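The values are calculated or read from the model by the stated rules, or taken from the named source; none is laboratory data. Note that this is a predicted model, so its numbers are computed, not measured. Note that we place each Cβ from the backbone using ideal geometry, even for glycine, and neighbour counts take in every protein chain shown. Note: accessible area is taken over every heavy atom of the protein model, side chains too, but ligands, DNA and RNA are not part of it. Shrake-Rupley method; radii C 1.70, N 1.55, O 1.52, S 1.80 Å.
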Protein chains: 2
Amino acid sequence: MRGLHADTGYLLYRLGLRSGQLFNTFLQESGVRLRHYAVLRFLATAEGALQRELSARLGYDPSAIVGLVDDLEKLGFAERRPAPDDRRSRIVVLTEDGRAFLRGTDEAGLRVTNDLLAPLDPAERETLHTLLRRIAEDGLT
Amino acid sequence: MRGLHADTGYLLYRLGLRSGQLFNTFLQESGVRLRHYAVLRFLATAEGALQRELSARLGYDPSAIVGLVDDLEKLGFAERRPAPDDRRSRIVVLTEDGRAFLRGTDEAGLRVTNDLLAPLDPAERETLHTLLRRIAEDGLT
DNA sequence: CAACAACTATTGACGATAACAATTATTGCT
DNA sequence: AGCAATAATTGTTATCGTCAATAGTTGTTG
């Protein structure tokens, strides 16, 4: 009979849960959760995005995006602007406060990851990262 | 500004979600979900376990274990037996049907994992697996 | 040995998540 | 002009994770 952790997919599932929990406890005091953080990070790379792009690239349901952007607007970290060419769409952009928040939490986020990957040396972390990225390429952003 | 997937912890979180979804859709027709499957797999390795052991080793709340074992009993995949030395405890054991179910879903589960890890060659999958295991050692079962 | 603290399983409650269906406003097609 | 498709939104439902409270049992210790 196979062992409990014989399966890589199951391992990923369990570690993903743990990673998410760590991130959330770290973000807790900032008033945002992991999903908000993901949106902010995406906005930072994209210099503005339609909500449907956020949905597609982050893998969250469109209805989830609505609430997340609502929260980010309340916090002053992002804004909705009308899309010039399509009145159905709204463009979500990072505010200056949002940028500052990202800068402030950046190295704290790295600390969380360091904590999680404690058993691995730097070379191994690099290997892990590139392998995960290769898997993620296909389907996620 | 760092890219969206610059962070390994975040990557783990996203891939863990996807892995869990894949497993769940595959298990769906069997009437069990991922958490039930995890319990079954643990029971298979342990030849019976107290519920508090399931809780501690799988990381689920004791109150969650109750419902999961209830479901597994209804399906005929597991049974609760009195612990001989402590009348507070119950020992959960796999039934023959439970074992058969595990055998039947075993290679189907591997197919799911194969699907997920499609971008990697066998050697890379092996590397990924051992790296993830090293991380998991510390804290999970 | 009697009182009390600790433990096991259970129930119940609550907020957070995730997945879907349905709606409204707008656009593109033909 | 009519109709299918699309973007954002609302609402619903099921699951999840955590926490508090309870009943029954065990262990401790004063």
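Carbon and sulfur: what percent of region B:8-137's accessible surface (1.4 Å probe)? Before the final figure, lay out the partial values.
Working: 3140 of 6390 Å².
Summing carbon and sulfur atoms, their accessible area is 49 percent of the total for region B:8-137.
Nothing charged except the Cβ atoms of Lys and Arg (+1) and of Asp and Glu (-1): what's the magnitude of the dipole of region B:8-137 about its Cα centre? Round to the nearest 20 debye. Before the final figure, lay out each step's value.
Working: 19 positive and 19 negative charges, 70 e Å.
The calculation lands at about 340 debye.
With the convex hull built on the Cα atoms of region A:8-48, state its orientation-averaged projected area in nm². Could you put the intermediate results ahead of the total?
Numbers: hull surface 14.2 nm².
The number I arrive at for region A:8-48 is 3.6 nm².
In chain B, the beta carbon lying closest to the axis that superposes B onto A belongs to the residue given here with its whole-angstrom distance, B:Gly16, 1.
Pick out, from B:Ala38, B:Leu54, B:Thr130, the residue whose Cα sits farthest towards the positive end of the charge dipole of chain B, with +1 on the Cβ of Lys and Arg and -1 on the Cβ of Asp and Glu. So the residue furthest toward the plus end is B:Leu54. Label positions at A:Glu47 and A:Arg103, each projected 7 Å from the Cα along the C-beta direction, are separated by 1.8 nm. Mean projected area of the Cα convex hull of chain B, taken over all directions, amounts to 10.4 nm². Solvent exposure of region B:8-137, expressed per residue, is 49 Å² of accessible area, with all protein chains present and a 1.4 angstrom probe. Restricting the trypsin sites (Lys or Arg not before Pro) of region B:1-90 to loop positions (DSSP other than H, G, I, E, B) with no more than 12 neighbouring Cβ atoms within 10 Å leaves B:Arg87, B:Arg88.
At 25 °C and a viscosity of 0.890 mPa s, what translational diffusion coefficient does Stokes-Einstein give for the protein assembly as shown, taking Rh as the Kirkwood radius over Cα pairs? Give it in µm²/s as a whole number.
Working: Rh = 20.7 Å.
Calculated translational D: 119 µm²/s.
Summary of the geometry: region A:16-61 and region B:16-95, compared by the centres of their Cα atoms, lie 32 Å apart. Helix A:62-75 axis versus longest C-alpha principal axis of chain A: approximately 70°, rounded to the nearest ten. Take every Cα-Cα pair in region A:1-78 and report what % of them are more than 22 Å apart. Pairs farther apart than 22 Å: 36 percent.
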